[in-house]
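The values are calculated or read from the model by the stated rules, or taken from the named source; none is laboratory data. Owing to the predicted nature of the structure, the values given are computational and were not obtained by experimental measurement. Positions of Cβ are generated from backbone atoms using ideal geometry, with glycine treated the same way; all protein chains shown enter the neighbour counts. Note: accessible area is taken over every heavy atom of the protein model, side chains too, but ligands, DNA and RNA are not part of it. Shrake-Rupley method; radii C 1.70, N 1.55, O 1.52, S 1.80 Å.
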Amino acid sequence: MAMVVQHQQTSSGSSSMKHQLDNGKYVRYTAEQVEALERVYAECPKPSSLKRQQLIRECPILSNIEPKQIKVWFQNRRCREKQRKESSRLQMVNQKLSAMNKLLMEENDRLQKQVSQLVYENGYMRQQLHTASAVTDASCESAVTTPQHSLRDANNPAGLLSIAEETLTEFLSKATGTAVDWVQMPGMKPGPDSVGIFAISQGCSGVAARACGLVSLEPTKIVEILKDRTSWYRDCRNLEVFTMLPAGNGGTIELVYTQVYAPTTLAPARDFWTLRYTTSLENGSLVVCERSLSGSGGGPNAASTAQFVRGEMLPSGYLIRPCDGGSSIIHIVDHLNLEPWSAPEVIRPLYESSKVVAQKMTIAALLYIRQIAQESSGEVVYGLGRQPAILRTLSQRLSRGFNDAINGFNDDGWSLMNCDGAEDVIVSINSTKHLSSSTNSSNSLSFLGGVLCAKASMLFQNVPPAALVRFLREHRSEWADFNVDAYSAASVKASPYGYQGMRPTRFTGSQIIMPLGQTIEHEEMLEVIRLEGHAVGQEDPFVSRDIHLLQLCSGIDENTVGACSDLFFAPIDEMFPDDAPLIPSGFRIIPLDPKLGDPKEATGTTQRTLDLTSSLEVGQSANHGPSGNMRSVLTIAFQFPFENNLADSVATMARQYVRSVINSVQRVAMAISPSGVSPSLAPKLSPSSPEALTLAQWICQSYTFHLGSDLLTSGSVVGDSLLKDLWQHQDAILCCSLKSLPVFIFANQAGLDMLETTLVALQDITLDKMFDEAGRKALFPEFAKIMQQGFAYLPGGICMSTMGRHISYEEAIAWKVVAADETTVHCLAFSFVNWSFV
């Protein structure tokens, strides 16, 4: 009996234990079991049911654990990991909020001091207004207290140290004091998720900006990064230290020469000759302050600085204060006089805006430091296995290559080629620039003669830069010719053929974007673009014709602070090495501050520079409401490698291609403009273009006079309605000049579609290129009949587009277009009826 009872008790205990196991209670794991589970968790934090059963079978030490218990362990482990990450995040947020609170308290103290100072000055001025002598005394006092740096001898160490100490005092008064009237940067409100506190100057000489922020890096590391200005300041072309002298507190005094790129083709670049002082304060803070030295003779010889305008840096610099946990609080001040008088009036706002300085220098420095800090902590994940330093180098090379192209410095080997009469597209050539990898000279593409660049700048009104660049990035087929991309890609790959002998390829028009990485604020993205292509005909049908581009895109988010919107790209090999040769091309759109610029349109020389086709000007939309003041400058630059015997051919192709891209971009800009202008009307055919309207009237009137019927069905339309109806006419209408070699000067939309070209590129197409030998023999004898009779009917036949495609048409009508005096023949017009591609 006792045995039966004991058996029942044992059975009951076993059942209870099983129930407890099922409920996940009272289970203790040995150290070996936990170690085994942790190894699996590291590989797969959420294993499936089959994976858990497999784990029990393969790991003997877990054989006495139920699968449900394994599941519960992984659930608890994931929960603990989530709690740990959340706790760490909250600690970081708390640390940041504490630092931000400290900065805000300091900013509040500074503002209170500024208010007190203004109240005192206001009372003082009221008192001085009672007597004229007091006003005179105040003026004299102001003149005496103005520092006269030009009188100090800066050629000896004592003089340099005196300048350095004064620079330190003035910089600190700007960084933490009331020397500058700072106002909050528009659109940059401080908060727990903000990058920092940003301010711009108000009512001071020059342009100035200030930033404060918390960064998880040691002060010495931050100083090292910020002094290397070429690594983070994209517009910095070169920084050279000429002299270094020791100073007190272990500090140094340096004489520095800096070159800064011009952002567009419309203004010269800047350079600076400065004294840079690095020292430490009694509270342990590190300071790097800098100011220009008087005189214009400092730096390299005059020949090397001839392409630069000497700018002035007023006391500026960095104050880095150590914080707990290896972090630092940074104060950044940039105060410049960029000599805006040397820039054309239309882009002078770029050099008079403190906001531009803040975006391009001050904020850029703080963002770069934060990027380095997050990369060092492992918070940033990158694609395709590229290291952060490599990606930063690639981004820098793309940006620097584009800046080199649009600036075209002589000491880099650039020189201007012969431009056409309109000078709308500038072509520069660099015969000394050979493509080679930085670490392997055997990869040099020695067959190339160099690189040439076709570039232009133009003014946009009421077009959001971010939206335009975003469209250009996402819809490449709307503006790009993939055959030109194929030529550039083939040249970079050192293929043994040039542009004229390039093998035929058909491109699908689609692109695949493969991200490489992006900055922490998502203001910049680096990516690889693949353009899909296939061989035409039977030649190499299985050989891939895909094109790969390395692309850098920035400023596509309207809510992201950025000085400009950029889209740079360069052809690369499919498996490009880290030191692959890059020839960047692309677009840069810089907004102009409407509050600081002249709202009137530029005139004179500047307007001629910005006009891309003087005879068919882009229609300016009416400015209704505040959006009408939105202005920006677009700079386009395309680079092409060339062989020595093909330089002229490549230059002609480059100029024509850039004109085609310009025309496409203008169409896109009008389509996305918030002004409501219809994109269906050709940008070059607007009522604001009197030449286009006059030509349309002559075409229709001459047609009616010679053929006795109306070209347009309405017959009575006038003004812009006539122009629009002619543009939308179903037949292809083209006009050519009366020269020994007739050149097309006008085409409606159907005509452009038939020739597969644009209005800008149309002027480079001659009439004889449309027809083969048989077509030319049939057409040319009709010229005499046209000039005598005024018109001629041409039989149906075959012609050719600029892309080499054959076009059939049922009939063509040719007539001479007579000017308003009815005696002067302006051009010849053609109408191709019922045309189609063969």
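Residue check: D725 meets all listed conditions (1) under 17 Å from C827 (Cβ atoms); (2) crowded, with 16+ Cβ neighbours inside 10 Å but one, namely (1). Residues of segment 250-282 that are of a type in the set (A, V, I, L, M) and closer than 23 Å to D411 by Cβ: L255, V256, V260, A262, L266, A267, A269.
Filter segment 478-495 for residues that are farther than 16 Å from C453 by Cα and assigned to a helix (DSSP H, G or I); which is modelled with the highest pLDDT?
Step by step, filter segment 478-495, then rank; the result is E478.
Where helices (runs of 4 or more DSSP H) fall wholly inside segment 742-838, the ranges with 1 or more residues that are surrounded by fewer than 19 Cβ atoms within 10 Å (Cβ to Cβ) and in contact with a Lys or Arg (Cβ under 9 Å, 6 or more places away or on another chain) are 782-789.
Of all residues in segment 824-838, those that are among the small types (G, A, S) have Cβ atoms under 7 Å from Cβ atoms of residues that are in a loop (DSSP other than H, G, I, E, B) and open to solvent by less than 60 Å² (accessible area, probe 1.4 Å), 6 or more apart or on another chain, in S831/D731.
Of I590, I572, I556, which residue is at pLDDT 90 or above and at negative phi?
Just a single option satisfies the conditions, and that option is I590.
When restricted to residues that are within 17 Å of F409 (Cα to Cα) and modelled with pLDDT under 90, segment 234-248 contains 0.
Mind checking whether some residue in segment 15-31 is over 30 Å from V215 (Cα atoms), modelled with pLDDT of 80 or more and surrounded by 15 or more Cβ atoms within 10 Å (Cβ to Cβ)? So far as segment 15-31 goes, yes, one or more of its residues are over 30 Å from V215 (Cα atoms), modelled with pLDDT of 80 or more and surrounded by 15 or more Cβ atoms within 10 Å (Cβ to Cβ).
Could you count how many residues in segment 192-226 are outside any loop (DSSP other than H, G, I, E, B) and closer than 18 Å to L172 by Cβ?
Matching residues across segment 192-226 total 13.
Of the residues making up segment 227-274, those that are assigned to a strand (DSSP E or B), among the hydrophobic types (A, V, I, L, M, F, W, C) and within 19 Å of M361 (Cα to Cα) are C236, L239, V256, V260, A269, F272, W273. Residues in segment 228-271 that are crowded, with 18+ Cβ neighbours inside 10 Å, farther than 25 Å from P591 by Cβ and either touching a Pro at 6+ places or on another chain (Cβ under 6 Å) or among the aromatic types (F, W, Y) (or both): Y257 only.
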